[in-house]
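What follows is a short report on a single structure.
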Amino acid sequence: MTDTQLTPDAPDRDSPVPPHRGDPLAEQRRMARGAAVVDRSHRGVIAVTGEDRLSWLHLLLTQHVSELPADTGTETLILDLNGRVLHHMVVAHTADTVYLDTEPGDVPPLLDYLTKMVFWSKVEPRDATAELAVLSVVGPDTADVLTTAGVPVPDRPHGALALPGGGVVRRMPWPGVDAADLLVPRAEQDVWWQRLTGAGAREAGTMAFEALRVESGRPRLGLDTDERTIPHEVGWIGDAVHLTKGCYRGQETVARVANLGRPPRRLVLLHLDAGDEHLPVPGEPVTLGGRTVGRVGTVVQHHELGSVALALVKRSVPLDADLVAGIDERASPARVDPDSVPAEDAAPPPGRAAQGGLRG
């Protein structure tokens, strides 16, 4: 189990920042219909400088970054030798620096790994968490808020631009229909907060952000993954993994699953038949007829959907199955939202098709 994995009795990793600003459901509605700003300053930030930064990162990350243009971002992973996910990062490349922001508490093991892999490369990774704080603007009015606040607006998802006075703004395709992460100088975090709220963004907390993330089906490392998770199971292929690049740890598993079969589990949205007092927690089992068929991930109260959760379940679980999520007093009847499961290509994976052709 990595340092970022959770157990049912683990502390809330978002506790350092406000969970809400008085009315989490109203904050969700603002994110869905206007714009809100969330303090996510507990996230870790690593800055990578040096003339070899892109070619060096390309050898370590699952995403194709060797020619990542300036003013561009992406998402990426670091895997173990068996292709299991150890780290998830959101990337921004501006000027002479690549910024990697990641889960709270994940910087020490991640930076330790990166530092050990420097060897003779002309690259300098460092912990920039004390320098930069993450603020996220979420909602269809994100671009208007940024413009009013005097912030340059990237013209595409994952576009990234330097902020006046230091830091970077990166456009994001989630958790809402539009969003932007601002990595602002930590010493000026309060000034930036006032600047964004003065430009029309409502104050919101992490509960609202997480609710929209769950609705969008975006996984979070350690909440919606466990120590066995491979990228295919949670929808990170494409978004965070480039299938045709090689030369990174765990690449063999990624290629094998893509070419010869389908992953054993998949991430789904569960509708929970429970109130808001005794909800399951991440890491608890999902069962079918008393048999464990998955694990609970992030659990939220959504302003329209009610009690919902992300869950990793076996691919063989029928979409109309009557499931139970959680244990003891937290056990809740649950059903899979069929719209959360992408349609699968009926054609066999490329490797299987090739094998069939050889046998024929």
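The values are calculated or read from the model by the stated rules, or taken from the named source; none is laboratory data. The structure displayed is predicted, hence computed values, not measured ones. Using ideal geometry, Cβ is built from the backbone for each residue, glycine included, and neighbour counts are taken over all protein chains shown. Protein only, heavy atoms only, side chains kept; ligands, DNA and RNA dropped before computing areas. Shrake-Rupley method; radii C 1.70, N 1.55, O 1.52, S 1.80 Å.
Overview of results
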{"read-out": "Tally, over region 183-240, of residues that are in contact (Cβ under 8 Å) with a residue 24 or more places away in the chain, among the polar types (S, T, N, Q) and open to solvent by 10 Å² or more (accessible area, probe 1.4 Å)", "value": "4"}
{"read-out": "Test: Trp174 is touching a Leu at 6+ places or on another chain (Cβ under 9 Å), more than 29 Å from Leu57 (Cα to Cα) and either open to solvent by less than 60 Å² (accessible area, probe 1.4 Å) or in contact (Cβ under 8 Å) with a residue 24 or more places away in the chain (or both)", "value": "no"}
{"read-out": "Residue, nearest to Leu61 (Cα to Cα), within region 104-130, restricted to residues that are more than 23 Å from the chain's Cα centre (by Cα) and not charged (D, E, K, R)", "value": "Met117"}
{"read-out": "Single condition Gly261 does not satisfy, out of (1) open to solvent by less than 50 Å² (accessible area, probe 1.4 Å); (2) modelled with pLDDT under 95; (3) more than 26 Å from the chain's Cα centre (by Cα)", "value": "(3)"}
{"read-out": "Filter pass, Glu67 being surrounded by 21 or more Cβ atoms within 10 Å (Cβ to Cβ), over 19 Å from the mean Cα position of the chain (by Cα) and more than 18 Å from Glu124 (Cβ to Cβ)", "value": "no"}
{"read-out": "Hits in region 41-68 (condition: farther than 22 Å from Gly159 by Cβ and either modelled with pLDDT under 95 or not polar (S, T, N, Q) (or both))", "value": "His42, Gly44, Gly50, Glu51, Asp52, Trp56, Leu59, Leu60"}
{"read-out": "Filter result for Leu61 (more than 21 Å from Ala133 (Cα to Cα) and either open to solvent by 40 Å² or more (accessible area, probe 1.4 Å) or of a type in the set (A, V, I, L, M) (or both))", "value": "yes"}
{"read-out": "Some residue of region 51-58 being open to solvent by 10 Å² or more (accessible area, probe 1.4 Å) and not in a helix (DSSP H, G or I)", "value": "yes"}
{"read-out": "Identity of the residue in region 145-158, open to solvent by 10 Å² or more (accessible area, probe 1.4 Å) and outside any loop (DSSP other than H, G, I, E, B), that ends up nearest to Arg195 (Cα to Cα)", "value": "Thr148"}
{"read-out": "Any chance Leu212 is within 26 Å of Asp339 (Cα to Cα) and either aliphatic (A, V, I, L, M) or out of contact with any strand residue (DSSP E or B) (no Cβ under 8 Å at 6 or more places or on another chain) (or both)", "value": "yes"}
{"read-out": "Wholly enclosed strands (runs of 3 or more DSSP E) of region 93-144 bearing at least 2 residues open to solvent by 40 Å² or more (accessible area, probe 1.4 Å), in contact (Cβ under 8 Å) with a residue 60 or more places away in the chain and among the hydrophobic types (A, V, I, L, M, F, W, C)", "value": "none"}
{"read-out": "Any hit, region 116-129, residues being under 19 Å from Val38 (Cα atoms) and of a type outside the set (Lys, Arg)", "value": "yes"}
{"read-out": "Selection within region 241-258 - on the phi > 0 side of the Ramachandran plot and buried (at least 19 other Cβ atoms within 10 Å of the Cβ)", "value": "Gly250"}
{"read-out": "Strands (runs of 3 or more DSSP E) completely within region 288-346 that count 1 or more residues being without any contact (Cβ under 8 Å) to a residue 12 or more places away in the chain, loosely packed, with under 14 Cβ neighbours inside 10 Å and not hydrophobic (A, V, I, L, M, F, W, C)", "value": "291-302"}
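Residues checked against (1) within 17 Å of Ala130 (Cα to Cα); (2) at pLDDT below 95; (3) not acidic (Asp, Glu):
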{"residue": "Val169", "(1), (2), (3)": "no, no, yes"}
{"residue": "Gly176", "(1), (2), (3)": "no, yes, yes"}
{"residue": "Ala179", "(1), (2), (3)": "no, no, yes"}
{"residue": "Asp190", "(1), (2), (3)": "yes, no, no"}
